[in-house]
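Quick notes on the structure that follows.
The values are calculated or read from the model by the stated rules, or taken from the named source; none is laboratory data. Keep in mind it's a predicted model, so treat the numbers as computed, not measured. With ideal geometry, Cβ positions are generated from the backbone for all residues, glycine too; neighbour counts draw on all protein chains shown.
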Amino acid sequence: MTQPLDALESQSIDPETFHLKARESYEFDIDFASDDDSDDPLEDFPTVILPNRVMGLESFGITDVGNSRHHNEDFFTIDNRFTQLMDAETTQVYSRGVYILCDGMGGHAQGEVASRMAAETLSLFFAEHWKEEMPSEAAVKDAIYWANQTLHTLNESQTRFGAGRMGTTLVLAMLQDTQFRFAHVGDSRLYRLTHRNGLEQLTVDHEVGQREIQRGVAPEIAYARPDAYQLTQALGPRPDHALRPDVRSLTLAEDCVFLLCSDGITDNQLLERFQEQYLMPLLDFKNPLEEGLRQLIELANTENGHDNATAIGIRAKVSPQPVPRPFV
């Protein structure tokens, strides 16, 4: 089952906790009364827990107008970089990526303008400001405010009001080696898929229904409201002081697939209902990521089809970092 991630685990772990968790991860039966060191079952286990590295990184994005719309208001950009340098003794890898998906709205032909403008503005920001270290959470918020201000200024200059004001949702992911940072505004979502936990929803929709749940209202009552699916956050309609983007971070610890999706895919619990058949195979690196996402789009058009459908898949192979052999 999908599990909304209300609180990601802390990135700082004290040494005692770390070693305790590392010890608990092994399963063996030890007779501590034995004095024979040669039979100690611990002797075959490594004395150092090696840091993880991303040893493979691939991505693919796809969008489709759907069965009911005449134009596509979704837009995405991908900047995926993976370099592997090898010689007889060492392997060096470099991985970095920016993945942006926007679902536009607002007046005739303005949804696609808003989504493209927001995605390209954010891409430009990170191209200019991401040098060595991944931008901080505060810097990611600055980028989102910049994109919002760009759209908001255009709305003001064209004297747009109400539903005529263009805007867009946003889901954004960034990766540098095992560091992963993500942000969202609106109801476009980010999911994580792993062998250990299955499908996890990492974002919580910015909509009236979820707002009421966070206020303590029962879900069945919150979503009985006629405006339950109305967005409470979007880029463009309102000035920066009314914007509350969510920005979170985590560390990759195992092979995983991340999915950035517009609501044409996520509506009606589509991913949750079909995760075993359509999503879990994506964790097998022998299965082409592109083909898996194309099948997901076809499924969305069959099961939903009422909206544009867009997905970005990010697949990372995570392994302990090789340690060079000492010269003997």
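Here are a few things to note about the model shown:
- Out of GLN295, GLN233, sole residue that is in contact with a helix residue (DSSP H, G or I) (Cβ under 9 Å, 6 or more places away or on another chain) and closer than 25 Å to ALA139 by Cβ: GLN233
- If you check GLU137, GLU207, GLU200 for being surrounded by 20 or more Cβ atoms within 10 Å (Cβ to Cβ) and either in contact (Cβ under 8 Å) with a residue 24 or more places away in the chain or of a type in the set (Gly, Ala, Ser) (or both), only one passes: GLU207.
- Note on region 92-104: residues that are among the aliphatic types (A, V, I, L, M) and at pLDDT below 90 total 1.
- Filtered residues of region 105-121 (kept if at pLDDT 85 or above, buried (at least 17 other Cβ atoms within 10 Å of the Cβ) and more than 17 Å from the chain's Cα centre (by Cα)): MET105, GLN110, GLY111, GLU112, VAL113, ALA114, SER115, ARG116, MET117, ALA118, THR121
- Considering only residues in region 178-200 that are part of a loop (DSSP other than H, G, I, E, B) and touching a strand residue (DSSP E or B) at 6+ places or on another chain (Cβ under 6 Å), the one that is farthest from GLN269 (Cα to Cα) turns out to be THR178.
- Of the listed requirements (1) modelled with pLDDT of 95 or more; (2) crowded, with 18+ Cβ neighbours inside 10 Å, ASP307 misses just one: (1).
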